[in-house]
Amino acid sequence: MKLLITGRPGAGKGTQAVNIREYYNIPHISTGDMFRAAMKAGTKMGLLAKEYMEKGQLVPDEVTIGIVKDRLLEDDCKEGFLLDGFPRNIKQAEALDEFLKENNVNLDAVLDVNVAQEVLVRRMVGRRVCKNCGATYHVEFNKPKVDGICDNCGNALIQRPDDTEATAVNRLAVYDEQTAPLLDYYKKQGILVTVDGDQDFDKVFEDIKAVLK
Ligand code: ADP
Ligand code: ADP
Ligand code: ZN
């Protein structure tokens, strides 16, 4: 299965990506996670990405497109992959299409997790992530067993620096301006499928399996 998952910031892409990765046994490639890993490692690319991520802006296309291409060429992507958070604008989508064509790869589907804007600031501001294993929680909607501690690995949960209210609002605006046009782009290709992301976690995944059948 070769998939893209898209949706507004906070829609539940990362959460559902974990389910999809396990169910279809494909690697989960998140550009956001790759940038955060580069920041943690203190690489030059990480430092550059940080500047943009802090403000809720997109990291420059040249950098982003390059890391995705390199990642897709790795062996574990041969049978399938789930790209999460990429592409985020038309230029990235065109670069991806060109790359896929060169490598004779077809996408099976572009999955849009649709959640209305109003719900999302609360989802982002309440998001907590494990700084060790990356597991995602929510202070109201998906609490860990022990406050502030990861169920999986026992490490501390943190709030992403870009999950403040002001940055969240800005990320939603960037989505509307730059990422939303992708829905039409993939609709025209006939591969767009949509699920309602404003439902219980398990119901969203049931719907995903149904639309991907
Ligand atoms: P994205 O990757 O699209 O930004 P996440 O998967 O990180 O979104 O989810 C954003 C926040 O919303 C997280 O705190 C997550 O636990 C929570 N969340 C995800 N799906 C749901 C849902 N169906 N209902 C309520 N909260 C959710
Ligand atoms: P969310 O799941 O909440 O939408 P991500 O982890 O996908 O957040 O992205 C966090 C930040 O990383 C973005 O606000 C942006 O600065 C940067 N980023 C992630 N993916 C891309 C991309 N494809 N192009 C440019 N910037 C990106
Ligand atoms: Zn953990």
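Brief remarks follow.
- Once backbone amide H atoms are built at 1.01 Å from N, ILE149 has LEU157 as its partners under 5 Å, excluding neighbours fewer than 5 places away on the same chain.
- Using the 1.4 Å probe convention, the accessible area of the range 96-203 works out to 57 Å² per residue with neighbouring protein chains retained.
- Normalised by the number of residues in the chain, the mean separation of alpha-carbon contacts (under 8 Å, six or more apart) gives a relative contact order of 29 percent.
- Cα gyration tensor shape of the range 73-188, rounded if a/c is under 1.5, else prolate or oblate by comparing a/b with b/c: oblate
- FRET E, pair ASP184, LYS131, Förster distance 30 Å, beta-carbon r, rounded to 0.05: 0.20
- Listed residue pairs exceeding 31 Å between alpha carbons, taken from LYS69/LYS131; LYS78/LYS188; LYS40/LYS78; LYS44/LYS213; LYS69/LYS145; LYS40/LYS145: LYS44/LYS213; LYS69/LYS145
- Taking amide hydrogens as placed 1.01 Å from N in the peptide plane, the amide H of ALA109 sits under 5 Å from those of LYS2, LEU4, each at least 5 positions away in sequence or on another chain.
- Within-15-Å neighbourhood charge of GLN117 [Cβ basis; K, R +1; D, E -1]: -3
- Put the Cα centre of the range 130-180 next to the Cα centre of the range 45-97 and the gap is 20 Å.
- Share of carbon and sulfur in the accessible heavy-atom surface of the chain [1.4 Å probe, %]: 49 percent
- Nonlocal amide H pairs with ASP198, under 5 Å, H built at 1.01 Å: none
- Neighbours of GLN159, meaning other residues whose beta-carbon lies under 14 angstrom from its beta-carbon, give a summed charge of +1 when Lys and Arg score +1 and Asp and Glu score -1.
- Shape call, the range 42-120: gyration tensor on alpha carbons, a/c limit 1.5: oblate
The values are calculated or read from the model by the stated rules, or taken from the named source; none is laboratory data. Given the structure is predicted, the values throughout are model-derived calculations rather than measurements. Neighbour counts are summed over all protein chains in view; Cβ atoms, including those assigned to glycine, are modelled from backbone coordinates with ideal geometry. Quick note on the areas: whole protein, heavy atoms, side chains included, nothing else; ligands and nucleic acids left out. Shrake-Rupley method; radii C 1.70, N 1.55, O 1.52, S 1.80 Å.
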